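To start, the structure under review is shown below, and the notes come after it.
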């Protein structure tokens, strides 16, 4: 019998269970889940939970199906003595980047990567990826995309475009056009054999699906985060700087072995 998922009810969550972390996680995980790249078959349900800002046990079960992100969240939380892997600070560290990443000990990240991928990668590729830990890798989404995912999934087709869509990027809103926005964003380009961020150029991104989304009040000049051409949320200036910092750091590591 198929599992019945009850629609989330809007209400006040218990005071000891912050929903900000799960809501933010869904803002970023929603679109790749909708595209069937990660997570379970719960896209409509997690979208509704995030829009309602509700956290209940069924949601935690759904989010733990994001097996690419969960080990990183768990590692970041454990390394910072935070009980909840969906704590907003942990979620922010993984998708955007903050000081929690710098408190993850190298042996912990090294061991986690080897345990996760020892059966999926050849010894040579596993050594290549885990070798990035000593070089300064952090458990940030950009590291996962640029150095782990592209090797684990053996991407084909337009690999550069796929990686560029999958990484979290930022853009400045230039116009709001119905369900879309036009943003100026720096794309990932290959320049003299190295991955770099190119000059900003206009791109369209989706902010609403069936009239609903996570960034409904936007104006020209706002900075937003993007994942698979989906507007995740507005970013503060410090958040945008942090995202750029960790992205550039991961690019430098990736370029060591491209």
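A quick yes/no check of all residues on (1) farther than 18 Å from residue 250 by Cα; (2) under 15 Å from the mean Cα position of the chain (by Cα); (3) not assigned by TED's automatic domain parsing to the domain that holds residue 246; (4) not in a loop (DSSP other than H, G, I, E, B):
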{"position": "51", "(1), (2), (3), (4)": "yes, no, yes, yes"}
{"position": "76", "(1), (2), (3), (4)": "no, yes, yes, yes"}
{"position": "82", "(1), (2), (3), (4)": "yes, no, yes, no"}
{"position": "90", "(1), (2), (3), (4)": "yes, yes, yes, yes"}
{"position": "114", "(1), (2), (3), (4)": "yes, no, yes, yes"}
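Filtered by the rule that a residue be loosely packed, with under 13 Cβ neighbours inside 10 Å and modelled with pLDDT of 95 or more, the stretch 107-126 gives 107, 115. Within the stretch 146-186, restricting attention to residues that are in contact with a helix residue (DSSP H, G or I) (Cβ under 6 Å, 6 or more places away or on another chain) and assigned to a loop (DSSP other than H, G, I, E, B), the residue that is surrounded by the most Cβ atoms within 10 Å (Cβ to Cβ) is 167.
Do we find a residue being over 22 Å from residue 37 (Cβ atoms), outside the structural domain of residue 45 (by TED's automatic domain parsing) and free of Cβ contacts under 8 Å to residues at least 12 places away in the same chain anywhere in the stretch 148-156? Step through it out loud before you land on a result.
Going through the stretch 148-156, the residues over 22 Å from residue 37 (Cβ atoms) turn out to be none.
Among the residues of the stretch 148-156, not one is over 22 Å from residue 37 (Cβ atoms), outside the structural domain of residue 45 (by TED's automatic domain parsing) and free of Cβ contacts under 8 Å to residues at least 12 places away in the same chain, which makes the answer no.
For residue 135, indicate whether it is surrounded by fewer than 17 Cβ atoms within 10 Å (Cβ to Cβ) and either under 30 Å from residue 107 (Cα atoms) or within 20 Å of the chain's Cα centre (by Cα) (or both). Considered against the rule, which asks whether it is surrounded by fewer than 17 Cβ atoms within 10 Å (Cβ to Cβ) and either under 30 Å from residue 107 (Cα atoms) or within 20 Å of the chain's Cα centre (by Cα) (or both), residue 135 comes out as yes.
State yes or no: is residue 142 in contact with a helix residue (DSSP H, G or I) (Cβ under 7 Å, 6 or more places away or on another chain), assigned to a strand (DSSP E or B) and surrounded by 13 or more Cβ atoms within 10 Å (Cβ to Cβ)? In short, no.
Which count do you get for residues in the stretch 216-240 that are part of a helix (DSSP H, G or I) and within 18 Å of residue 164 (Cα to Cα)?
Initially, the stretch 216-240 is screened for residues part of a helix (DSSP H, G or I), giving 237-240.
Now narrow it down to the ones that are within 18 Å of residue 164 (Cα to Cα): 240.
Final tally of qualifying residues: 1.
The values are calculated or read from the model by the stated rules, or taken from the named source; none is laboratory data. Predicted model, so just to flag it, every value in this text is computed and none were measured. Counting neighbours? That spans all protein chains shown, and the Cβs are built from the backbone with ideal geometry, glycine included.
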